[in-house]
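*Asks:* Before I ask anything, here is the structure I am working with.
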Amino acid sequence: MKVCVIGSGYVGLVTGACLASMGHDVVCVDKDPSKVDAMLNAKPHFYEPKLEELLKSCVKDGSLTASSDLQEALKGSDISMIAVGTPSADDGSVDLSFVKAVAEEIGTFLKTNDDPHTVVVKSTVVPTTTQDVVKPILEKTSGKSVGDFGLGVNPEFLREGSAVSDFMTPDRIVLGYEDETAQQALKSLYEGFDCPIIETSYANAELIKYTTNSLLATMISFSNDIAYLAEQIEGADEGMVMQGVHADRRLTSITGDSKAEITTYLKGGLGFGGSCLPKDVKALNYFAKTQKAESEMLNAVLNVNAKRMQQVAANIERILGNVKGKTIGIAGLAFKAGTDDVRESSALKLIEILKAKGATLKVHDGLVKDDFGCERCDDLKALAKDSDMVVITTPEADYKNADWNALAKSMNTPNIYDGRGVIAYDEAEHSFHYFTVGKAF
Ligand code: UDX
């Protein structure tokens, strides 16, 4: 099929490249000419494993091209996919201005297009958006009705760091549609995928996406709530508590011989960040209020997350005393391991708090190159040297496998605060002071 993907951010570019590699004929559209140039040169403008190789082969064999001319790109396409950003507005609602602008442009194209065409909303939008916002814009600008053209919703479930694999081997595909043209187009687009395909209404498709991310965020906040409680109880260890919880047969995988992957979200840490979880929980929470169905649960999930770094900073102060003039090394700046994305990163929140208290900060991250006004260290040796504490903020393999005994020797005071529980600490083997989340000290 000929697919026009509009918006070449994280979701649009990964989707475009993956669809092209599956044999579709894809044009990725972006207003930003530098992004278009980068795509034509097979260079992603962000780091994502496997994406560059995929782009190279698709650009080379001609299955993927890029353009900043939307009307031209839409010509002859079977599907246009709206994959533009839906940022949080100040009040927590979703800013739909990019979605609306693109819908207008597609409507203009549809006005004179006589061939079958389906518009697909890929961007994350709250329930009722497709029905009450996108559909009326398309119908008004085209002078046609859904049925004359197709309209569908197809949310993404891509994790940063494994987005290409998530796309190519999905756990589910959600297709929201209410007309036959969209049904046929969406089913042809995903023909050959071996996973459950959930065919449903626009509103359900939109809500599945938000509910999925809200569940993950809820599990994280719940675990951090328990971790904070355990931090107050002499002899308690939330890591051990969660091992006991994970052993519940309902949390083991279908084969029953290993833990279900979702149990990683049931573990104390530093809270959730990134471009999706905070934004999506805020948006659903705001939307629930507008529907007079205010969610006490989502309010709590956000409140626990907002407090988490204050709690961690207070723990650090309990260990070091007044942090003014103390040197603290932050191992990990990204919002999670394996990415260079720092949006809503817990590490940056901690840096802000500690800086305001007068601490001197050193930072290390294998992928993030910015220093955020701190001393940037190229390796853990430089980070540890003369520091009063090192705080591990992401579960990077390099942090897990580092020789912390050797590193601790060069520290001013050998304090390691393991914010993600990555070190397999053994009192007999380790010669540094070890503190971790979910454990009193
Ligand atoms: C998430 C969803 O997982 C994905 O399905 C959706 O499509 C987009 O949003 P992503 O933002 O890449 O993906 O991050 P994820 O791996 O889920 O982590 C989100 C946040 O939760 C990160 O800050 C991470 O550090 C934190 N997290 C994650 C934990 O604190 N504990 C965990 O066990 C896992």
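The values are calculated or read from the model by the stated rules, or taken from the named source; none is laboratory data. Just so it is clear, the model here is predicted, and its values are computed rather than measured. Every residue, glycine as well, gets a Cβ built from its backbone with ideal geometry; the counts of neighbours run over all protein chains shown. Just so you know, the surface numbers come from the protein's heavy atoms only, side chains and all, with ligands and any DNA or RNA stripped out. Shrake-Rupley method; radii C 1.70, N 1.55, O 1.52, S 1.80 Å.
*Asks:* Considering only segment 419-441, how many residues are outside any loop (DSSP other than H, G, I, E, B), open to solvent by 30 Å² or more (accessible area, probe 1.4 Å) and touching a Gly at 6+ places or on another chain (Cβ under 9 Å)?
*Replies:* Going through segment 419-441 one residue at a time, the tally reaches 1.
*Asks:* Checking residue 160 against (1) in contact (Cβ under 8 Å) with a residue 60 or more places away in the chain; (2) over 20 Å from residue 216 (Cα atoms); (3) buried (at least 17 other Cβ atoms within 10 Å of the Cβ), only one condition comes out false. Which one?
*Replies:* Condition not satisfied by residue 160: (2).
*Asks:* State whether one or more residues within segment 157-166 are touching a Gly at 6+ places or on another chain (Cβ under 7 Å) and under 27 Å from residue 334 (Cβ atoms).
*Replies:* yes
*Asks:* Please enumerate the residues belonging to segment 169-208 that are charged (D, E, K, R), over 23 Å from residue 22 (Cα atoms) and surrounded by fewer than 18 Cβ atoms within 10 Å (Cβ to Cβ).
*Replies:* Matches in segment 169-208: 179, 180.
*Asks:* So residue 342 ticks every box in (1) farther than 22 Å from residue 413 by Cα; (2) among the aliphatic types (A, V, I, L, M); (3) without any contact (Cβ under 8 Å) to a residue 12 or more places away in the chain but one. Which box is left unticked?
*Replies:* Unmet for residue 342, out of (1) farther than 22 Å from residue 413 by Cα; (2) among the aliphatic types (A, V, I, L, M); (3) without any contact (Cβ under 8 Å) to a residue 12 or more places away in the chain: (3).
*Asks:* Any idea how many residues of segment 258-286 are open to solvent by 30 Å² or more (accessible area, probe 1.4 Å), within 27 Å of residue 122 (Cα to Cα) and more than 7 Å from the ligand (Cβ to nearest atom)?
*Replies:* Going through segment 258-286 one residue at a time, the tally reaches 5.
*Asks:* Here's something else I'd like to know. Checking the conditions here, which among 349, 357, 409, 385 is of a type in the set (Lys, Arg) and in contact with a helix residue (DSSP H, G or I) (Cβ under 7 Å, 6 or more places away or on another chain)?
*Replies:* Being of a type in the set (Lys, Arg) and in contact with a helix residue (DSSP H, G or I) (Cβ under 7 Å, 6 or more places away or on another chain) holds for just one of 349, 357, 409, 385, which is 349.
*Asks:* What tally of residues in segment 322-374 results from selecting those that are assigned to a loop (DSSP other than H, G, I, E, B), more than 16 Å from the ligand (Cβ to nearest atom) and among the hydrophobic types (A, V, I, L, M, F, W, C)?
*Replies:* 4
*Asks:* For segment 287-312, give me the residue count where each residue is under 23 Å from residue 343 (Cβ atoms) and either surrounded by 20 or more Cβ atoms within 10 Å (Cβ to Cβ) or of a type in the set (S, T, N, Q) (or both).
*Replies:* 12
*Asks:* Return yes when residue 416 is within 15 Å of the ligand (Cβ to nearest atom), open to solvent by less than 10 Å² (accessible area, probe 1.4 Å) and in contact with a helix residue (DSSP H, G or I) (Cβ under 9 Å, 6 or more places away or on another chain) and no when it is not.
*Replies:* no
*Asks:* Another question, then. Sort through 125, 119 and tell me the only one that's within 16 Å of the ligand (Cβ to nearest atom) and closer than 27 Å to residue 287 by Cα.
*Replies:* 125
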